[in-house]
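The structure appears below as structure tokens.
The values are calculated or read from the model by the stated rules, or taken from the named source; none is laboratory data. Computed from a predicted structure; not experimentally measured. All Cβ positions, glycine included, derive from the backbone under ideal geometry; neighbour counts span all protein chains shown.
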Amino acid sequence: MNKLVLCLAFASFAASAFAAPETYVIDPVHTSPRFEYSHFGYSNQIHSFDKTSGTIVFDRAAKTGSVDVTIDAKSVNTGYPLFNEHIQDEEFFDTAKYPTITFKSTAVKFEGDKPVSVDGNLTIKGVTKPVTLTLTSFQAMPHPIMKKDAIGANATTKIKRTEFNMGKYAPYVSDDVTLSIAMEAVAVNKQ
């Protein structure tokens, strides 16, 4: 009987060891936050940020996770240096005073083994608002080149820029902005 109890205890310990949460570091080369808005109704403009960092904790067995992302607002890329400067001034991102945009999760919703949405707090220009990122895709598997566990996702949400003190030209330049992020992250080496 003692052998059975010992085997069950070992199996339980081994299962919990394999089910531990894993921490992933965002791959800045393969992570691209973008924002899209209507420009006077003529067209939808899409711009991006070139520098993103952060960590993601993912525990598939427990169906839990967390996301902590920082975007360098000064890395905004419209394709034109003069417009990059314009969109960084105090009427928009005000990057001199608020150089970063952050997202910190409060909850992750799963369907089956995959996360489908992430609730959290988005901070832009010193204003924090709750948002839900909807995951349109998610993948967790060993990276074929790095030979480490990796995850990737595409996420999207909609905000009103007036709620973040960035309402110049609204409603002609749309108040509604779609934020999306294509993200990849690689597992941190275990010590």
Qualifying residues in the range 61-101 (those that are within 17 Å of residue 173 (Cβ to Cβ) and in contact with a helix residue (DSSP H, G or I) (Cβ under 7 Å, 6 or more places away or on another chain)) - the one surrounded by the fewest Cβ atoms within 10 Å (Cβ to Cβ) = 78
Options 66, 38, 48, 53; residue that is in a strand (DSSP E or B), modelled with pLDDT of 95 or more and over 20 Å from residue 122 (Cβ atoms) = 38
Across (1) touching a Lys or Arg at 6+ places or on another chain (Cβ under 8 Å); (2) under 23 Å from residue 182 (Cβ atoms); (3) not aromatic (Phe, Trp, Tyr), residue 90 clears everything bar (2)
Applying the selection to the range 97-143, what residues are part of a loop (DSSP other than H, G, I, E, B) and of a type in the set (Lys, Arg)?
-> 97, 125
Just one of 155, 170, 185 is hydrophobic (A, V, I, L, M, F, W, C) and closer than 14 Å to residue 117 by Cα; which is it?
-> 155
Considering the range 84-96 alone, what residues qualify as being more than 22 Å from the chain's Cα centre (by Cα) and either part of a loop (DSSP other than H, G, I, E, B) or of a type in the set (Lys, Arg) (or both)?
-> 89, 90, 91, 96
Taking the range 153-175 and keeping residues within 23 Å of residue 100 (Cβ to Cβ) and either part of a strand (DSSP E or B) or aromatic (Phe, Trp, Tyr) (or both) leaves 153, 154, 155, 156, 157, 158, 159, 160, 164
Cβ pairs under 6 Å, 6+ apart, first in the range 26-40 and under 29 Å from residue 146 (Cβ atoms), second aromatic (Phe, Trp, Tyr) = 33/49
Pairs only if they're at least six apart or on different chains, beta carbon under 6 angstrom, first in the range 102-127 and surrounded by 17 or more Cβ atoms within 10 Å (Cβ to Cβ), second among the basic types (Lys, Arg) and assigned to a strand (DSSP E or B); list them, first residue then second.
-> 120/104; 122/129
Taking residue 157 as the residue in question, decide whether it is exposed (fewer than 13 other Cβ atoms within 10 Å of the Cβ), at pLDDT 95 or above, among the hydroxyl-bearing types (Ser, Thr, Tyr) and under 14 Å from the mean Cα position of the chain (by Cα).
-> no
Does residue 170 qualify as being surrounded by fewer than 18 Cβ atoms within 10 Å (Cβ to Cβ), among the hydrophobic types (A, V, I, L, M, F, W, C) and either out of contact with any Cys (no Cβ under 7 Å at 6 or more places or on another chain) or closer than 17 Å to residue 120 by Cβ (or both)?
-> yes
